[in-house]
1. Using a Förster distance of 30 angstrom, determine the FRET efficiency expected from the C-beta separation of Thr165 and Ala135, and round it to 0.05.
2. With the dipole of the range 1-121 worked out from charges on the C-beta (+1 for Lys and Arg, -1 for Asp and Glu) around the Cα centre, which of Gly18, Asn57, Ala32 lies farthest toward the positive end?
3. Taking 2.2 N^0.38 Å as the expected size of a compact globular protein, what ratio does the Cα radius of gyration of the range 89-147 give against it, to two decimals?
4. Would you mind computing, in nm to one decimal, how far apart the modelled labels at Arg62 and Val9 are, each placed 7 Å from Cα along Cα→Cβ?
5. Which of the peptides 116-123, 26-33 is most tightly packed, and how do the rest follow, going by the mean number of other Cβ atoms within 10 Å of each residue?
6. Which value does Rg/Rh take for the range 121-177 over its C-alpha atoms, Rh per Kirkwood?
7. Between Leu180 and Lys104, how high is the FRET efficiency from 1/(1 + (r/R0)^6) when r is the Cβ-Cβ distance and R₀ = 22 Å? Nearest 0.05.
8. Rounded to whole Å, give me the distance from the Cα center of the range 81-111 to that of the range 146-179.
Amino acid sequence: MDIIPWKKVGEPSVLASGYGKSFIKQDFIDHAGKPTDFYFFDQPSWAVVLAVTKGGNVLNVRQFKQGAEDVLLELPGGQANFAGEDPAAVMRRELLEETGYQSKKITPLGWGFMNSRNSHTKFFCFLAEGCEKVADVHLDATEQIEVSERPLTEWLRMVAEGEITSLDACLTTVRALSHLGFGIVVK
């Protein structure tokens, strides 16, 4: 069967926006030729990093997440400050601001969609190895973040057992495994 892409009709309409995010309506003609509207939630792309210290620990950030309505344990990351900001630059900036750490060995691990059904937004995954503390944490006025370190094996267990619930943190971790000397075994 051939999958028929939907065709956009007209320009998108921004229905609401704020805090760098937009709710957008776009008209389409679907695969059966029927006119339909579709709604998107978009925001600037962001970068996330599995940052491993020289001692082999993973840097974690714990902060309140409004959508989850809970304090979550995640990987450092953040969104672009302006259109066209390079994802690697975002990652380096956010790692330094949120944790005070830097790395000289950065490996890009590709990207994923926030939600491929309802958003064009991408997140870019990175591995930073040999991270060292070089500065104090420098947070935005809207941020309250607690930084901690966990042994890599503990972090991997937490991801595998569902204790880490952020998709970007899980995907970044899985993509970093082969770079960290872990093979993936499929049973």
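Taken together, the values in this text are just the output of simple stated rules run on the coordinates, not laboratory data. Everything numeric in this text was worked out from a predicted model, so none of it was measured. All Cβ positions, even for glycine, are placed from backbone atoms using ideal geometry, and neighbour counts span all protein chains on display.
1. According to the calculation, E is roughly 0.55.
2. Asn57
3. 1.31
4. 5.1 nm
5. Going by the mean number of other Cβ atoms within 10 Å, highest first, we get 116-123, 26-33.
6. Rg/Rh: 0.98.
7. After rounding, the FRET efficiency stands at 0.85.
8. Using only Cα atoms to place each centre, the spacing works out to 18 Å.
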